[in-house]
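Chemist: My questions all concern the structure below.
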């Protein structure tokens, strides 16, 4: 049973428009959420995160929104650029169960393609 | 600025063979992890380590062993490879007291025939 789900395997967006990537989770004990970006033949790289005490975190063109009641988070990229084309993974952790070593539970990823 | 380095990058094994994947990090991180990535499954944690000389099981530990003899190195071993272990393996590290930001290596693609 996947505790973190990304139901859209792929998303195509025109350059300059907004990209919205979605993620749902089932474990109410998760208290920290992260987004990673992955290019082909490279490892994932950290993009942005949000604590469960917040509902929004912004970093430049990237904004993550958290809706705890719906157990849903989303990543907004505005404006989208061709270089943003990559696989985006949502991840979650529960600090109380994993202690100081954060064990992340990942979603299956969404392939974003930004069309020029 | 090497970060996290994995060797080898590619390997083909026959069923029943053994091998070791090496991960090295130069960021003085306390925590190290091994994940595997399979299509439609995301990344799943195999084993992790909270410090030199320690290891712990993750979500999918069966068929793998690990060792952390030095702080900067984390080894993943397959004693008797099976086709189900065909995957891309990622090593990652994170610092003490961090909030979950992991630094990943480039991955090692393993095929078991």
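Chemist: Would you check which residues across the range B:51-66 are surrounded by fewer than 17 Cβ atoms within 10 Å (Cβ to Cβ) and closer than 20 Å to residue B:8 by Cβ and list them?
Modeler: Residues satisfying the conditions are B:63, B:65.
Chemist: If residue B:63 passes every condition in (1) without any contact (Cβ under 8 Å) to a residue 24 or more places away in the chain; (2) in contact with a strand residue (DSSP E or B) (Cβ under 6 Å, 6 or more places away or on another chain); (3) part of a loop (DSSP other than H, G, I, E, B) but one, which one does it miss?
Modeler: Only one criterion is unmet by residue B:63, namely (2).
Chemist: Out of A:80, A:51, A:108, A:69, I need the residue that is within 11 Å of chain B (Cβ to nearest Cβ) and more than 24 Å from residue B:41 (Cβ to Cβ). Which one? Working first, answer last.
Modeler: On the way: A:80 fails: within 11 Å of chain B (Cβ to nearest Cβ); A:108 fails: more than 24 Å from residue B:41 (Cβ to Cβ); A:69 fails: within 11 Å of chain B (Cβ to nearest Cβ).
After ruling out the rest, the residue left standing is A:51.
Chemist: Okay, next question. Farther than 21 Å from residue A:89 by Cβ, more than 14 Å from every other protein chain (Cβ to nearest Cβ) and within 14 Å of the chain's Cα centre (by Cα): which single residue out of B:26, B:62 fits that description?
Modeler: One residue alone meets the criteria, B:62.
Chemist: Can you find, within the range B:88-111, the residue that is modelled with the lowest pLDDT among those that are on the phi > 0 side of the Ramachandran plot and touching a strand residue (DSSP E or B) at 6+ places or on another chain (Cβ under 6 Å)? Before you say what the answer is, go through the steps one by one.
Modeler: Kept after step one, since they are on the phi > 0 side of the Ramachandran plot, are these residues of the range B:88-111: B:97, B:100, B:107.
Next, only the ones that are touching a strand residue (DSSP E or B) at 6+ places or on another chain (Cβ under 6 Å) stay: B:100, B:107.
Working: B:100: 71, B:107: 96.
Once the filter is applied, the top-ranked residue is B:100.
Chemist: Only one of (1) free of Cβ contacts under 8 Å to residues at least 60 places away in the same chain; (2) under 13 Å from residue B:91 (Cα atoms) fails for residue B:51. Which number is that?
Modeler: Condition not satisfied by residue B:51: (2).
Chemist: If the requirement is being farther than 26 Å from residue A:51 by Cα and crowded, with 16+ Cβ neighbours inside 10 Å, which of these qualifies: B:69, B:13, B:43? Walk me through it before giving the result.
Modeler: On the way: B:69 fails: crowded, with 16+ Cβ neighbours inside 10 Å; B:43 fails: farther than 26 Å from residue A:51 by Cα.
Of B:69, B:13, B:43, the one residue that is farther than 26 Å from residue A:51 by Cα and crowded, with 16+ Cβ neighbours inside 10 Å is B:13.
Chemist: Go over the candidates A:7, A:22 one by one and state the one that is loosely packed, with under 13 Cβ neighbours inside 10 Å, more than 10 Å from chain B (Cβ to nearest Cβ) and in contact (Cβ under 8 Å) with a residue 12 or more places away in the chain. Show your work before the answer.
Modeler: Working: A:22 fails: loosely packed, with under 13 Cβ neighbours inside 10 Å.
A:7 is the lone residue from the list that is loosely packed, with under 13 Cβ neighbours inside 10 Å, more than 10 Å from chain B (Cβ to nearest Cβ) and in contact (Cβ under 8 Å) with a residue 12 or more places away in the chain.
Chemist: Still on this structure, please answer the following. Looking at (1) in contact with a strand residue (DSSP E or B) (Cβ under 8 Å, 6 or more places away or on another chain); (2) at negative phi; (3) more than 12 Å from chain A (Cβ to nearest Cβ), which is the one condition that is false for residue B:50?
Modeler: (3)
Chemist: Quick one: residue A:46 ticks every box in (1) at the interface with chain B (Cβ under 8 Å from one of its Cβ atoms); (2) out of contact with any strand residue (DSSP E or B) (no Cβ under 7 Å at 6 or more places or on another chain) bar one, so which box is it?
Modeler: Single failed check for residue A:46: (2).
Chemist: With the condition kept exactly as written, say whether any residue in the range A:75-84 is surrounded by 13 or more Cβ atoms within 10 Å (Cβ to Cβ), without any contact (Cβ under 8 Å) to a residue 40 or more places away in the chain, in contact with a strand residue (DSSP E or B) (Cβ under 7 Å, 6 or more places away or on another chain) and over 29 Å from residue B:108 (Cα atoms).
Modeler: no
Chemist: On to the next question. Every residue in the range A:41-56 that is farther than 24 Å from residue B:109 by Cβ and under 12 Å from the mean Cα position of the chain (by Cα), please.
Modeler: Restricting attention to the range A:41-56, the residues satisfying the condition of being farther than 24 Å from residue B:109 by Cβ are A:48-56.
Scanning the range A:41-56 gives A:48, A:49, A:50.
Chemist: Which of the residues that make up the range B:39-48 are under 17 Å from residue B:102 (Cα atoms) and free of Cβ contacts under 8 Å to residues at least 12 places away in the same chain? Walk me through it before giving the result.
Modeler: Here is the first cut: in the range B:39-48, the residues under 17 Å from residue B:102 (Cα atoms) are B:42-48.
Within the range B:39-48, B:42 is the sole residue that qualifies.
Chemist: Taking the range A:70-116 on its own, how many of its residues are over 11 Å from the mean Cα position of the chain (by Cα) and at pLDDT below 95?
Modeler: Total satisfying the criteria: 14.
The values are calculated or read from the model by the stated rules, or taken from the named source; none is laboratory data. From a predicted model like this one, the values you see are computed outputs, not experimental measurements. Heads up, the Cβs are rebuilt from the backbone with ideal geometry, glycines too, and the neighbour counts pull from every protein chain shown.
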